[in-house]
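Student: Quick one: structure below, then a few questions.
The values are calculated or read from the model by the stated rules, or taken from the named source; none is laboratory data. It should be emphasised that the depicted structure is a prediction, and the values quoted were computed from it without experimental measurement. Methodologically, a virtual Cβ is constructed for each residue, glycine included, from the backbone with ideal geometry; neighbour enumeration extends over all protein chains shown. In case anyone asks, the SASA skips ligands and DNA or RNA and just uses the protein heavy atoms, side chains included. Shrake-Rupley method; radii C 1.70, N 1.55, O 1.52, S 1.80 Å.
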Amino acid sequence: MKPKNDTFLRALLKQPVPYTPIWIMRQAGRYLPEYNQTRTRAGNFLNLCKNPDMATEVTLQPIARFGLDAAILFSDILTIPDAMGLGLYFAEGEGPKFERPLREEWAIRDLTAPDPDTHLRYVLDAVSQIRKALNNEIPLIGFSGSPFTLACYMVEGGGSDDFRTVKTMLYQRPELLHHILQVNAKAVTDYLNAQIQAGAQAVQIFDTWGGMLSSAAYEEFSLAYLRQVVSGLLRDHDGERVPCIVFTKSGGIWLEKIAAIGCDAVGLDWTCDIGEARKRVGGKISLQGNMDPMVLFSGPDAIRKEVQRILVSYGSGSGHVFNLGHGISQFTPPEHVAALVDAVHELSRAFH
Ligand code: CP3
């Protein structure tokens, strides 16, 4: 069944909309005091992700505050490597880490895609609970990391400044990295399809680190596997089309190539001009983005000005979902998010 507010789904499919819909990457997070409270109650971030009641609660927090046009499942991209047995943990203030990074050839050869129905049941339970709680008011977005971005964390064992370990594997033992990516592509496809079957009405693939590769390596080690995932996705569920968004951070230079892999929309970071991007894809797909998250540290007037600039740049007509160019910062004042959502809704009516 279509949600009451289906502007987000319609914009992704380039169908007419009365205004430009907006959601925000990391909309449920530490900039919200109510999130921090629930997280304290959970003990830590992973417990929060693994408890469907609490994951539902935090998913709904930004929806209750702001007039957002979509909800996104509260989870993390690293649930897949965790389910593969790498032992995910979050060291306070240090970001994600793995107890058993994937470095040895035997471990790589042993790697298998987890069965989402058993190993990631808690995510699917959260999806169905969130769908119930949303009561068909707005659509729910499911998500996954890209095969390459997951491989970065799996091989590095956490975040990295230069991705030296995974890039060394890429140049020295490309067949080993290809093996990991092949397993990851199956894992991501199965995981997203399970989320769709549990009720996700659109999906986004986060390729956060693909943009760190050379153009040749991007095509071979990230884009090829994104294409494989997208072509394996369920595109219809419950009689409705399930749109798919691909977001490669710093991937603006490869926009035409990303647009050609079969996705419905491409997410853009703030470095590219969205109007030029629209011309480059010839209106064939939709675009999502692309305000610099740092604009939210200014004030309501500067936020409105930047919203207007982006709306003018995209121009008239459907096919634009407003978002930030990357996740919202934990230090963002929530009132500025309210100003952003209202500005997008108000100012965009003139473009439809
Ligand atoms: O958008 C949403 O509201 C949905 C939830 C969501 C989270 N992570 C919650 C989260 C989504 C879509 C993600 C995706 C994710 N996770 C990505 C891709 C997007 C991006 O930001 O590039 C990546 C690379 C990760 C891995 C990850 N998870 C990192 C690097 C960190 C630490 C970063 C930090 O800001 O400390 C996380 C933790 C994380 N994931 C938090 C949240 C709300 C903060 C955890 C906390 O409460 O301490």
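Student: According to a simple spin-label model (label point 7 Å from Cα along Cα-to-Cβ), what is the distance in nm between GLU105 and LEU13?
Tutor: 5.0
Student: Going by average Cβ neighbours within 10 Å, how do the peptides 206-212, 120-126, 84-90 rank, with the highest at the top? Could the numbers behind the result be given before it?
Tutor: Working: 206-212: 22.3, 120-126: 20.4, 84-90: 17.9.
Taking the mean over residues of other Cβ atoms within 10 Å, the ranking is 206-212, 120-126, 84-90.
Student: Right, another one. With every protein chain left in place, what is the accessible area per residue of the chain in square angstrom, probe 1.4 Å? It would help to have the intermediate numbers written out before the result.
Tutor: Working: 14000 Å² over 352 residues.
On a per-residue basis, the chain sits at 40 Å².
Student: So what is the relative contact order for the chain, in percent, with contacts set as C-alpha pairs under 8 Å and at least six apart?
Tutor: Working: 676 pairs, mean separation 77.9, N = 352.
It rounds to 22 percent for the chain.
Student: Toward the positive end of the charge dipole of the chain, about the Cα centre and with charges on Cβ (Lys, Arg +1; Asp, Glu -1), which of LEU120, PHE98, LEU268 goes farthest?
Tutor: LEU268
Student: Classify the range 197-309 as rounded, prolate or oblate from the Cα gyration tensor: take a ≥ b ≥ c as the square roots of its eigenvalues, call it rounded if a/c is under 1.5, otherwise prolate when a/b beats b/c and oblate if not.
Tutor: Numbers: a/c = 1.94, a/b = 1.32, b/c = 1.46.
The shape class here is oblate.
Student: Here's a follow-up. Under a point-charge model restricted to the Cβ atoms of Lys and Arg (+1) and Asp and Glu (-1), what is the dipole moment magnitude of the range 7-351 relative to its Cα centre, in debye to the nearest 20? Don't skip to the answer; put the middle values down first.
Tutor: Numbers: 32 positive and 38 negative charges, 114 e Å.
Here the range 7-351 has a charge dipole of around 540 debye.
Student: Name the long-range amide H neighbours of THR248: under 5 Å, sequence gap of 5 or more, or other chain; modelled H, no Pro or chain starts.
Tutor: ASP207, GLY267
Student: Residue-wise, which Karplus ³J(HN,Hα) couplings in Hz belong to the range 191-201, taking 6.51 cos²θ - 1.76 cosθ + 1.60, θ = phi - 60°, and x for glycine or proline?
Tutor: Calculated HN-Hα couplings, in order: 5, 5, 5, 5, 5, 4, 5, 7, x, 5, 9 Hz.
Student: Would you mind checking which residues have amide H under 5 Å from HIS237's amide H? H placed 1.01 Å from N; only 5 or more apart, or other chain.
Tutor: Under 5 Å from the amide H of HIS237: VAL242.
Student: For the chain, what proportion of DSSP beta bridges, expressed in % and rounded to the nearest 5, is antiparallel? If you can, show how the numbers build up before the last one.
Tutor: On the way: 7 of 31 bridges.
Antiparallel bridges make up about 25 percent of those DSSP assigns within the chain.
Student: Round to a whole number: what % of the accessible area of the range 7-351 belongs to carbon and sulfur, probe 1.4 Å? Don't skip to the end; give the middle numbers.
Tutor: Details: 6760 of 13440 Å².
That fraction is 50 percent.
Student: Using Cα centres only, tell me the gap between the range 54-94 and the range 270-337 in whole Å.
Tutor: 23
Student: If I take every Cα pair under 8 Å that is 6 or more residues apart in the range 114-213, average their sequence separation and divide by the length, what percent do I get for the relative contact order?
Tutor: Details: 107 pairs, mean separation 47.1, N = 100.
About 47 percent, as a whole number.
Student: I've got another one for you. Over 27 Å between Cα atoms: which of LYS50/LYS132; LYS167/LYS257; LYS4/LYS186; LYS97/LYS186; LYS132/LYS249; LYS97/LYS249 fall into that group? Display every interim value, and only then the final one.
Tutor: Working: LYS50/LYS132 18 Å; LYS167/LYS257 22 Å; LYS4/LYS186 33 Å; LYS97/LYS186 23 Å; LYS132/LYS249 32 Å; LYS97/LYS249 21 Å.
In this structure, LYS4/LYS186; LYS132/LYS249 lie more than 27 Å apart at Cα.
Student: Find how much the distance from ASP115 to LEU234 grows on full extension, using 0.36 nm per residue of separation minus their present alpha carbon separation; answer in nm with one decimal.
Tutor: Working: separation 119, 0.36 × 119 = 42.84 nm, distance 1.67 nm.
Result for the pair: 41.2 nm of gain on full extension.
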